[in-house]
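Structure first, commentary second.
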Amino acid sequence: MFISSQLVQHGQPSLCPTISRVHETSTPHYIPVGIPWHIQFAVINLHNPPATVQCDVSVEGNTTPLEGTRNGSENGKTFYHCEESEFEPKQGPTAGGTKVTICGTDLGQKAIDIQDPILIAGVPCHVIFSNYQISQRVLCVTNEAEMPISGPLELDIRLQGSKRHHRASTTQNFTFEVPVVSSASPDRGLESGQTRVTLYGEKLDLGHEGQLKVFVGPATCRMVTVLPYKVECITEPNLPGKQCIGLQFDKKVQCLNLSFSYIKNPVISKVSPQDTYYGGGRVVTVTGERIDVAQQVQLFIETTTQYNRRRRFTGFHTNIQSQVNKNSTNCTVVNESQALCRTPRVPADHKFSRAWLEFDGHTVAMNGTDTELSYYSNPKLCRAGIQEKPYQVVGQIVFVKGHNMKKAITEGEVKVSIGDEECSVSTLGDNALYCKPPLSQPRPANYDFTNILWDEDHNPNCTLVEPLLTHPEKGNQGAKLPELMVQMGGLWYYLGPVHYPSTVLSSGALAGIITAIILFLLLITAVMLLLRYKGRRAKRRYEQILMVMGQLEDDVKEQCRREFADLMQVPELSNQLDVTGFPLLPYGRYVERMFFPLAQRILLNSRAPPFTASDIEFYRLLDNEAFIVKFLQTLDKCQLQQSDRGYIASLATVALLDRPALLWRILLCLITDLISNNVERKPKLLFRRTETVVEKMLTNWISVCLFNSLRGSVGKLVYMLFLAIRTQIGRGPVDCVLQRAHFTLAESSLLCTHVDNRHLTIKVIKQEEGGPGGPAGQQLLDIMVLDCDSIGQVKHKILDQLYPGTPFSELPDPESLTLELRSLGGATGLALSDIDQTSEVNQSNIRCNTLKHYNIWDKTTMMLVPQSSQFTPGAPPLPGSNRRSLLGERVPLMSRNSLQSWHLIKEAEEEEERRRVGGHEKHHGTAIPEIYLTRLLSFKMGIQELMYDAFKAIHSLDGPAPPGIKMFFDFLDQQASNHGVSADIVHIWKSNSLALRFWVQLLKDPSLAFDVEIRPELQSTLDVISQTYMDFCSNYDQKISKDTPTRRLLFARELPRCRHLVDNYYEHVANQQAPTEQEFNNWLEQQSYTGELRQVAMSELYKYGQRYHTQIVRSLEEEGNEGLVERFQEVYHKV
């Protein structure tokens, strides 16, 4: 006996066509009398272990209890004690709203078999029929209970079309409880949030885990810990003021008689002292306001280090890489306005970058005059004499030599000890320290100094000591002399043992002292004379440097004023764009460009073979869903390149696009298999790349679903964004050789130099075709150009402004046109070109001609004519021109073929400037590239409104999403539920499927959907737009710092607003009503494609089937489908 798997399987229906056998030898269960019990159904997917419940069964006639059952009767009805599963949760609030899940077996055949409501301790629990699972699971929502109560679950099951009546009750009880909250701590926190609030009470873990919510005002408090007696959560940002604390159990939100006050974030006004050593440990006092509101105050520093990394293919060149680290220390809050912090330590080989304070995660920068922190190199201390001999105390003073000792510490902070007693510091200088030792020799402190490092190159007069980063521990119990120890913040210096000599000095000692003093005075005199000579020489050098720096400062000031003026002149592009229509590609060309790269499109257009008998049989075989799935899966497993897999996927999509419903089913089956194979290993990488056939087919399907959307306002706004980018770039100079622009969004393509330019308005004669039988006319139009534009750039600008909105394929090729200078009367004039006999030549470089090169001024008349009608020599020269000849429209210049062309800047000069800046060479007039970063901001301000409007239209909430997108997103939600995937992963899947596979590609290359030209200077800006859009669709936090790429810094403020658009759109699609099966099928038919490309696609698929014939046959045989094997082999036997 065979039945459909959907009648037997109680779990999720399979998306692939399968069947299941019903065996006749299963172990009998409890079956009423009168039903043949030798036919048994094999029920699968019973995951939950059973529990014991009581059941009543009503049937006509007599019933006979089966072996192993206990029977009884009540009110004339026979009932059985059968095994049943348990329910969850076991308790909930009296306010109701708790979802109770009842799991087991024989829980009806349909949702309507469950009688609503179910009684839980006598309280109604209404069934959620949409979550019903056949025979296994029932879900219901409790009503409000009048008082705390406990009791079993009771449910009635009435089979439709039958008189069978089941009534079941559990042996376990469900308890309704009343949660109680007694207090909350603390009662205030920062407006930036991140305050850990603890609620104390009883029975706070009622209901479903994760359904408890705490509200502080309108904002949700992020849950951290849920226990029966306390709940901990982290507050969200909010405006200052007092807010009510609310608590929600499953359904009811209760405003507690507790409040929480949001206080303004702390501010700091002064940090004292502001200097510290790299070893850290110095106590600084932070002064400000509202410091005691924060629960935790930390002092952070950021350090960087550089290291050389050898390149892979060059043996000796290296790259300099940077590494950023952060260190922090906890601060002690003294009162409302003060906190004490110890400065963190800077690791070895690191450089200090910046410092900041964090109050419960709220960052306060320390970059003001009174708050900036400065780090200096650690002091170097040395001890007199050599390492082996102890330090001799002479008189009532101890003298310690060193360097950099007073740079970042005061004498009151330095601690000196001799043994276990203190040596009082009396004087601290930059190179010396004096302290008063105890009168008698102290006892040794017995420190362990086995790890002390001494300088190997020490001299007899001074031995350098490496500082310890932690306080030494006691361990040397055999020391006889006390130790001399100096502590400076977080640094400890061990200067060896100390010996107290006798107070009586010998005559030899006195003579030695006097001699040393005389020699010391002579040395000081010599040093002073030497320093005076070097000081005069340094003064002359300093005056020279001041002169060069002053000139450089003037240059930088001029550049800054110029860039600031450009920043203030941001045009309103939305008013300048006249878009009456936009050149959207026809559906056939749209499919061709979206599915196939340019090289594959050229190959497909060259192949148009007629249909053969084998092609027809192969096409009929493509009607079989199981064959197509196995065919594509087999090719995906073959050793093919990624481009070949994408080619096969596009061929299959085109071949099946005349039957969209079949294509949709195949796609779901393949994606289900893809998710099952990868969800455990790398769920976040699903749909991110196009490495498999199914991923490329998904890209093609998304493109088909969104074509109709591009016909409306979405396509118009995306096209307007493209025009705005092209217009904004054209406002400033563009180097036609290096493809660097004055205005751009990409730092890599920014023209980091000042180019003198002037806006010109030229008169261009436009030829107009006459009417039927009428003469042709001419029209004189104003065209905006720059005098630094090359002749080729002028041609493009003329065509853009003469024919706005005209498809690119219908425009004449600029290379086939000649730009001619016309006289005032309109007579034929001179031909202008990029390179001619008058071009400027300098050594091995030749410069492209510009309008300034030809001395073109405002209101000059020009005309674009075909090259066949060029002017021949003989016209008079330009007025005011001192050039001897302006002829030569792309004249072959044999002597100039080897010259390297340049337009605005030379590539060799640019590399030299970068080398000088990187090598820190002093060079007058060297440009600072960072000055020109304001141009990026100017460009962004010009297009940001159009950019936001386009993104808003892409994620519009005004109308329903395309049915294909709605059904696919619902499919992803269902797959995530089946595999237990989190909501964040589902968000990534949707963004990878919709945003990354379609919108990112379209924003990066608008020519995929529009008949436009993507010029080289536009590509880098379009790349930034597409990468920014992908950042908006991601759900991970991006930390902003000075090392963040400029493209993220530009749009950091717009990130929350645009992410809100994406989240709302996904929620809008999820809440949208799914189309009916008929509506979806009608929509699928509208996406059908029956163009000539189908014939070529099926022919190419036929060739792949012939090439991998053996592998496909083996895969079909493994499935045991002999019929498909025979049909597939017959196709190729007819060749």
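The values are calculated or read from the model by the stated rules, or taken from the named source; none is laboratory data. The structure displayed is predicted, hence computed values, not measured ones. No Cβ is skipped: glycine too gets one built from the backbone with ideal geometry, and neighbour counts run over all protein chains shown. Quick note on the areas: whole protein, heavy atoms, side chains included, nothing else; ligands and nucleic acids left out. Shrake-Rupley method; radii C 1.70, N 1.55, O 1.52, S 1.80 Å.
A compact table of results
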quantity	calculated
Rounded FRET efficiency, nearest 0.05, which uses the C-beta distance separating Lys351 from Ile518 and R0 of 35 Å	0.20
With every protein chain in place, the stretch 660-795: carbon and sulfur % of accessible area (1.4 Å)	49 percent
Cα centre as origin, Lys/Arg/Asp/Glu Cβ charges: the stretch 194-313 dipole, Debye	600 debye
Potential lengthening between Lys326 and Ala511 on full extension [0.36 nm per residue; Cα-Cα distance subtracted]	61.0 nm
Kirkwood hydrodynamic radius of the stretch 956-1051, Cα pairs, Å	15.7 Å
Distance histogram in 10 Å bins (all Cα pairs of the stretch 997-1092, percent per bin)	12, 29, 29, 21, 8, 1
Surface share of carbon and sulfur [accessible, 1.4 angstrom probe, percent] for the stretch 184-312	44 percent
Inter-label distance for Leu239 and Ser162, nm, one decimal - labels placed 7 Å from Cα along Cα-to-Cβ	6.2 nm
Of Lys326/Lys407; Lys940/Lys1039; Lys630/Lys682; Lys110/Lys990, pairs whose Cα-Cα distance is over 30 Å	Lys110/Lys990
Cβ-Cβ FRET estimate between Gln1019 and Asp858, R0 fixed at 41 Å, reported to 0.05	0.80
Net length gained if the chain between Leu802 and Ile149 were fully extended (0.36 nm per residue, minus Cα distance)	226.8 nm
Cross-link partners of Lys389 among lysines (Cα-Cα below 28 Å; sequence separation of 8 or more within a chain)	Lys380, Lys401, Lys406, Lys415, Lys436, Lys474, Lys480
